[in-house]
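Only one structure is covered here, and it is reproduced in the block below.
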Amino acid sequence: MTRILAVANQKGGVGKTTTVINLGASIAVHDKEVLVIDLDPQANATSGLGNEEADKKGIHSFISGENTLEECTVKTEVEGLSLIPGARHLAGTEIELATQDQREFFLAQALSESDLSRYDYVLIDCPPSLGLLTINALVAAHGVILTVQSEYYALEGLSHLMETVKRIKAHWNKDLSIFGVVLTMYDKRLKLSREVEFSAEKYLGKSLFKTRIPRNVRLSEAPSHGKPVILYDAYSSGAKSYMSLAREVMSR
Ligand SMILES: Nc1ncnc2c1ncn2[C@@H]1O[C@H](COP(=O)(O)OP(=O)(O)OP(=O)(O)O)[C@@H](O)[C@H]1O
Ligand SMILES: [Mg+2]
């Protein structure tokens, strides 16, 4: 069965895109087929995977039903890892969507009309908001992975996000679950990181992945080379941590 997972947090810069790219690549190297959908108008997952922003056949034409999944999908440098490229004009799409019926269902609809059988995982990169694009991702997904940066206000935003997930579950997608929460940019030398970790463990229990993603400069350099970190520096702590997260995800 194909597992559709949205990676979300309305907070900006908390490691969503880094997680989509590197978790996707790390799952793919385990002989799995992974599709990344770039649903963020910033299109960072697209450039981080060495692709151009889509002008025509990308996420926009996929969710509007103009083109099929096959037509909108491109390959990446990692075998088994494919991508539906994002586009800046997706911001306009969000505004167009706002006035339409069934506006929460565009992505779910497009995916349900597609043959996903060759994919083991679909990972959706969400923008930093709880707007219609993120709602479309959560309505289309089986589960959500929340990335939480190991810093002071991180957990406050989380309760808001949990509420949104509950609301979406109640109205539009009863099967949606919190697949897991991952602590990113973790630095065990910092008291603050350890404090956030402690509260997260208490508050989230089993939802919290055991893997911590450390702050690692290789993770921040890799996107400018258009590569996931395993192709950029496979021995870095960042690469190892996303491999470990991939194993946890595959065993859940
Ligand atoms: N573990 C990490 N170690 C070091 N740098 C990181 C790490 N994770 C992410 N970064 C860097 O932090 C910045 C924000 O990360 P990222 O783009 O993944 O966050 P995001 O949640 O997708 O942001 P946005 O909300 O804008 O989409 C990027 O410059 C990224 O390279
Ligand atoms: Mg992002």
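The values are calculated or read from the model by the stated rules, or taken from the named source; none is laboratory data. Nothing here was measured: the structure is a model prediction, and the numbers come from that model. Neighbour counts run over all protein chains shown; Cβ positions are idealised from the backbone, glycine included. These accessible areas exclude ligands, DNA and RNA; they are computed on the full protein's heavy atoms, side chains included. Shrake-Rupley method; radii C 1.70, N 1.55, O 1.52, S 1.80 Å.
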* Asked: Can you put 53, 113 in order of accessible area, largest first, using a 1.4 Å probe?
  -> 113, 53
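When only C-alpha pairs under 8 Å and at least 6 residues apart count, what is the relative contact order of the chain, in percent?
Across the chain, relative contact order equals 26 percent.
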* **Over 18 Å [Cα-Cα, the stretch 132-232], rounded percent** => 55 percent
* Asked: Excluding ligands, DNA and RNA, what is the solvent-accessible area per residue of the stretch 3-251 at a probe of 1.4 Å, expressed in Å²?
  -> 46 Å²
* Asked: Under 27 Å from the Cα of residue 169, which lysines turn up, not counting those fewer than eight places away in the same chain?
  -> 11, 16, 202, 206, 210
* Positive end of the charge dipole of the stretch 3-251 (Lys, Arg +1 and Asp, Glu -1 on Cβ, about the Cα centre): tell me which of 48, 238, 62 has its Cα farthest that way. => 238
* Carbon-plus-sulfur fraction of the accessible area of the stretch 3-251, 1.4 Å probe, in percent? -> 50 percent
* **GNM top mover of 167, 189, 212 - the chain, alpha-carbon springs below 10 Å** => 189
* **If the convex hull is drawn through the Cα atoms of the chain, its volume per residue in Å³** => 111 Å³
* Structure fact -> Between the alpha carbon centres of the stretch 1-35 and the stretch 105-129 the gap in Å comes to 12 Å
* To do: Within the set of other residues whose C-beta is less than 11 Å from the C-beta of residue 20, count the net charge using Lys and Arg as +1 and Asp and Glu as -1.
  => -2
* Asked: Any idea what the dipole of the stretch 103-252 comes to, in debye rounded to 20, about its Cα centre with Lys/Arg Cβ at +1 and Asp/Glu Cβ at -1?
  -> 460 debye
* Pairwise centroid distance, computed over Cα atoms, of the stretch 185-213 with the stretch 41-60, Å -> 32 Å
* Within-13-Å neighbourhood charge of residue 245 [Cβ basis; K, R +1; D, E -1] -> +4
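Protein chains only, probe 1.4 Å: how do 120, 115 rank by accessible area, largest first?
I get 115, 120, largest accessible area first.
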* Net dipole in debye of the chain [+1 Lys, Arg Cβ; -1 Asp, Glu Cβ; about Cα centre; nearest 20] -> 1180 debye
* Asked: How large are Rg and Dmax for the stretch 82-155 when only the alpha carbon atoms are used, in Å?
  -> 14.0, 42
* Structure fact -> Karplus ³J(HN,Hα) for the stretch 62-73 (6.51 cos²θ - 1.76 cosθ + 1.60, θ = phi - 60°; Hz, whole; x = Gly/Pro) runs 5, 6, 7, x, 6, 10, 7, 3, 4, 5, 8, 9
* **Burial ranking of peptide ranges 94-107, 10-23 (average Cβ count within 10 Å, highest at the top)** => 10-23, 94-107
